[in-house]
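What follows is calculated from the coordinates using simple rules that are stated; it is not laboratory data. Note that the coordinates shown come from a computational prediction; the quantities given were computed from them, not determined experimentally. Note that we place each Cβ from the backbone using ideal geometry, even for glycine, and neighbour counts take in every protein chain shown.
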């Protein structure tokens, strides 16, 4: 079983190929935010590096968000197009789950924070459990100062990671028993997506391409402007 993983929910563009042997090849680029121009050549690159033909892919996994509107649309649309062309099923996973996954061995509270722009962040909280991580909260959109206050009120050791944590580092550093993850944990990883998707693929926890939708948590500017114009 070969899984193609596509991750574009943040300023980083990523893709990876994985299977029973683990991650076979991966690509990540966080410069320029040119998701549409970068993604297709990146997929061609990882297939070449892994010596895998695209027609050998049996599952397409994609980050469904929350994240940036443009990036999510590019990633989900590309993943759907490939899945439809290959006639293979899909797996959708959340960006916050992917961001927390590399820290699954920590015994602290894990809090991934993605910059949502407009003075807000996407976040959730996780705790280590046997075999992986358990999400403790819903996926949330909130102000970073409110999140910092919530974490300070919990008064427990926490590891805060993601580009949102880095952007609002001063708030979190003043919030008590928190440690900020470095730039190596700033973005969700396509390699993590491939790893997390594999056991789900074994269990056949698939969706069809027409069933998969991005998770935005916030209306787009176009939707907000349209509602304002209608109300006016």
Margin query: What is the angle, in °, between the Cα long axis of helix 221-231 and the longest principal axis of the Cα atoms in the chain? Nearest 10 is fine, range 0 to 90.
Written below: 70
Notebook entry, point to check: Can you give the FRET efficiency for residue 77 and residue 118, using 1/(1 + (r/R0)^6), R0 = 25 Å, r = Cβ-Cβ distance, to the nearest 0.05?
Noted result: 0.60
Item checked: Normalised contact order of the stretch 96-185, rounded percent, pairs of Cα under 8 Å and 6 or more residues apart -> 28
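Full extension from residue 211 to residue 30: what is 0.36 nm times the residue separation minus their Cα-Cα distance, to one decimal in nm?
Gain in length upon complete extension: 62.3 nm.
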Next item on the list: Of the listed values [x] 29, 22, 15; [y] 34, 20, 13; [z] 45, 16, 13, grab the one calculated as semi-axes √(5λ) of the Cα gyration tensor in Å from the structure here.
Entry: [x]
Next item on the list: Order these peptides, 206-214, 94-102, by their mean beta-carbon neighbour count within 10 angstrom, highest first.
Entry: 94-102, 206-214
Check: Mind checking the angle between helix 144-154 and the chain's longest principal axis? C-alpha axes, 0 to 90 degrees, to the nearest 10.
Finding: 70
Check: What whole-number value in cubic angstrom gives the convex hull volume per residue for the C-alpha atoms of the stretch 104-173?
Finding: 81
Note to self: Can you give me the distance in nm between label points at residue 87 and residue 21, each placed 7 Å from the Cα along the Cα-to-Cβ direction?
What the structure shows: 2.7
Notebook entry, point to check: Along the Cα-to-Cβ line of residue 54, 7 Å from the Cα, sits a label point; which residues in the stretch 79-98 have backbone N less than 13 Å from it?
Noted result: 79-87
Check: Using Cα pairs under 8 angstrom and six or more residues apart, how large is the relative contact order of the stretch 1-96, in percent?
Finding: 32
Next item on the list: Grab the DSSP H runs of the chain that are 4 residues or longer, score each as -39,500 (n - 2.57), total them, divide by all residues and round the 222 nm result to the nearest 500 deg cm²/dmol.
Entry: -11000 deg cm²/dmol
Notebook entry, point to check: Can you give me the Cα centroid spacing of the stretch 127-178 and the stretch 1-57 in angstrom?
Noted result: 29
Notebook entry, point to check: Taking the simple approach of a point 7 Å from Cα along Cα-to-Cβ for both residue 135 and residue 152, what is their distance in nm?
Noted result: 2.8
Notebook entry, point to check: In whole percent, what relative contact order does the chain give with Cα contacts below 8 Å and a gap of six or more residues?
Noted result: 23
Next item on the list: Treating the angle as unsigned and between 0 and 90°, give the value, to the nearest 10°, between the Cα long axis of helix 35-50 and the longest Cα principal axis of the chain.
Entry: 60
